[in-house]
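In what follows, a single structure is set out as structure tokens and then discussed.
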Amino acid sequence: MLSYILRRLIAMPFLILGIVTLAFLLTTVVKGDPLSAIVSERQMNNPEVVAAAKARWGLDKSLPERYAIYVTNLLKGDMGTSFITRRPVAQDVMYRLPATMELVLSAMLIGSVVGITLGVTAAYFRDTAIDHSARFFALFGSSIPVFWLGLALLYLTSVKWGILPGSGRVDARAALPPVVTGFITIDALLAGNFKIFVDALWHLILPSLVLGWTVAGTISRLVRANMLEVMGREFILTARAKGAGELRVVIRHALRNTLVPTLTVIGYSFAYLLTGAVLTETIFSWPGMGSYAVDAARGLDFPAIIGVTIVGGVIFLLTNLATDIAYVVANPRVRLG
Amino acid sequence: MSGTMQDEPLFEVRDLRVAFGKHGNFHEAVRGISLSVNPGEVLGIVGESGSGKSVGMLAAIGLQSGNARVSGSVRFRGRELIGLPNSELRKLRGSRIAMIFQDPLSSLNPVMTVGNQLSEAILLHNKDLSKKAAMRRAEDLLALVAIPQPDRRLQQYPHEFSGGMRQRVMIAMAVANDPDLLIADEPTTALDVTVQAQIMEVLAELQERLKLGLILITHDLGVLAGHADRVAVVYSGQVIEQAGVDDLFARPNHPYTRGLIASIPNMAEEKERLFSIEGTPPALGQFPRGCAFNPRCVEAQDICRQLAPPIHRLGDHTAACHFAAGTVEDTR
């Protein structure tokens, strides 16, 4: 087990290098000229300005040279400077990633808890009204477009009823707590600032609900199907024959046996949402990785595009590893080697 | 323990019926089974798969599936179980009445250690016991069913056990709380032939040592010859013959039982082919008129196709056949 994890970790730098190379090469096949993102349209005819810009951003160098410089810098933690924000990409990512993490983690928490509960309940009360409503709720969550659901709920709760704040991570006028984890909720607690904590939590609720709903839909359908299968197995009968109560039969005996496929979906959804929460982040003006990636792509901001790709890739790798390890814990029949 | 204990059967089933279906469209799989087990007695229930023998015994202790409808009477030490709330049945199951199943691999939870499953069985009925004490008891139980290195085995998962060892674990779990009645549903069917005899030995030894009432459900009459005190033969959801084991083998009073006995492989005789009863048992809800066995019966007459047979009694030997020996006791 330990040697397996070690081997996976050793392989990781090579995989990351592969991702870096691929991300770097992909930007060179893009048609657009990054200069148009740097130099204003009027100045494009001025050869001096263009030459200066090229030299400033290293665009006058050959591709292998640029690649070598990039990789060397990356090793020092430097991901280049964004064309758009004019800040180091690494700095942007350090600000954006925790925002997305905070959103996605709470969405995953809501989605997993709601999804598993719904799936188990639906399976146990199969073909009853409870089952049908749970399945409708799940289907709704996984088939309604996020942007529609987000906008509709935002309109109702924020504009019409005014019970939830509209957008952003926290009230724009608030003085932010010192950054420790980058999660505003946790940083506020660490700073003992309860007011900011509540405000941040209040801002977090709606976007994580919207995002969590889609996850809950997927998870509950999976858990329901697996629970139906497991509840028909003989060891369930054994548990009942032992004198175990229904709750114990369902949770300890059945649910634990559905954990493996569920973990896969949770791991996958997590990795996917970290870079794929674009629509939700846009609707709720959430300053996360998704909206950063969209801005970068639109502005041909190559350093930012490569940076986001690398970070996304690394997150995927780590999530996969975590999922594989969780497998072993959940299923004793899996032996890693 | 009152003095009447000895006279009273440990477990008495009267006219047990189990039907499956929904929306008022039910089919009976168990059509009025009656049998009884005395304390410390081994009752064998024999029948083909689908005859209702397992379904009936599961339903008797409240383990029927959700779409089943159960009626009749099941008394355990004089206490009626049918209609008892699940919370009450739960206190009996695993403590006074235990059960083991056919396939020991699928009967054990694959993601729980054997130790945890054993100690769970103990703790469920001994709420004030510590987890540690339960584990010690679990270790003793594994030793009781002759599993070597019980302390190490406790930490392992079912897939690390062989088939025979798994069934030993199931047996250990069943006797964890020193039950009065053990229902063993085809305990050796899924096992290798060489292991079958060992498991039967373990069961028989424990039955004797713990004075267990044992219901041994099997499709193999041969298994019962050496192990049962009495035998109930089940066909199409009914007990068609019931007798002491020697009496049954010596004087089978029902054509179906005679067929079963004839189809037991016999080492002494050299036969080209093993005898087998022609045809297949009727499907659920498609029982023939008259005697359920009549389409397969070599002795069937017109009356068998018209009238359900009455029960004939000869001492404590009963048989439901128009042509059975004995006095008519009951018309069903």
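The values are calculated or read from the model by the stated rules, or taken from the named source; none is laboratory data. All of these numbers come straight from a predicted model, not from anything done at the bench. Positions of Cβ are backbone-derived with ideal geometry, glycine not excepted, and every protein chain shown enters the neighbour counts. For accessibility, only protein heavy atoms count, side chains too; no ligands or nucleic acids. Shrake-Rupley method; radii C 1.70, N 1.55, O 1.52, S 1.80 Å.
Quick rundown of the values:
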item	result
Some residue of the range B:151-171 being within 16 Å of the chain's Cα centre (by Cα) and either open to solvent by 50 Å² or more (accessible area, probe 1.4 Å) or free of Cβ contacts under 8 Å to residues at least 40 places away in the same chain (or both)	no
Test result for A:ALA326, modelled with pLDDT under 90 and either within 14 Å of A:THR85 (Cα to Cα) or open to solvent by less than 20 Å² (accessible area, probe 1.4 Å) (or both)	no
Qualifying residue in the range A:81-89 (condition: at negative phi, surrounded by 13 or more Cβ atoms within 10 Å (Cβ to Cβ) and part of a helix (DSSP H, G or I))	yes
Enumerated helices (runs of 4 or more DSSP H) restricted to the range A:8-80, each holding at least 2 residues that are of a type in the set (Ser, Thr, Tyr), in contact with a helix residue (DSSP H, G or I) (Cβ under 7 Å, 6 or more places away or on another chain) and open to solvent by 60 Å² or more (accessible area, probe 1.4 Å)	none
Residue that is nearest to the other protein chains (Cβ to nearest Cβ) [pool: residues in the range A:213-254 that are open to solvent by 10 Å² or more (accessible area, probe 1.4 Å) and among the hydroxyl-bearing types (Ser, Thr, Tyr)]	A:THR218
Test: residue in the range B:249-272 that is in contact (Cβ under 8 Å) with a residue 40 or more places away in the chain, more than 22 Å from B:LEU35 (Cα to Cα) and β-branched (Val, Ile, Thr)	yes
Enumerated helices (runs of 4 or more DSSP H) restricted to the range A:214-288, each holding at least 2 residues that are touching a strand residue (DSSP E or B) at 6+ places or on another chain (Cβ under 8 Å), assigned by TED's automatic domain parsing to the domain that holds A:THR117 and not polar (S, T, N, Q)	A:234-242
Matching residues in the range A:158-168 - criterion: being in contact with a helix residue (DSSP H, G or I) (Cβ under 9 Å, 6 or more places away or on another chain) and either open to solvent by 90 Å² or more (accessible area, probe 1.4 Å) or at pLDDT 90 or above (or both)	A:ILE163
B:GLY279 without any contact (Cβ under 8 Å) to a residue 60 or more places away in the chain and surrounded by fewer than 18 Cβ atoms within 10 Å (Cβ to Cβ)	yes
Qualifying residues in the range B:71-82 (those that are without any contact (Cβ under 8 Å) to a residue 40 or more places away in the chain and not aliphatic (A, V, I, L, M)) - the one most open to solvent (accessible area, probe 1.4 Å)	B:ARG79
Filter result (open to solvent by less than 30 Å² (accessible area, probe 1.4 Å) and over 16 Å from the mean Cα position of the chain (by Cα)) within the range B:13-31	B:ALA19, B:GLY21
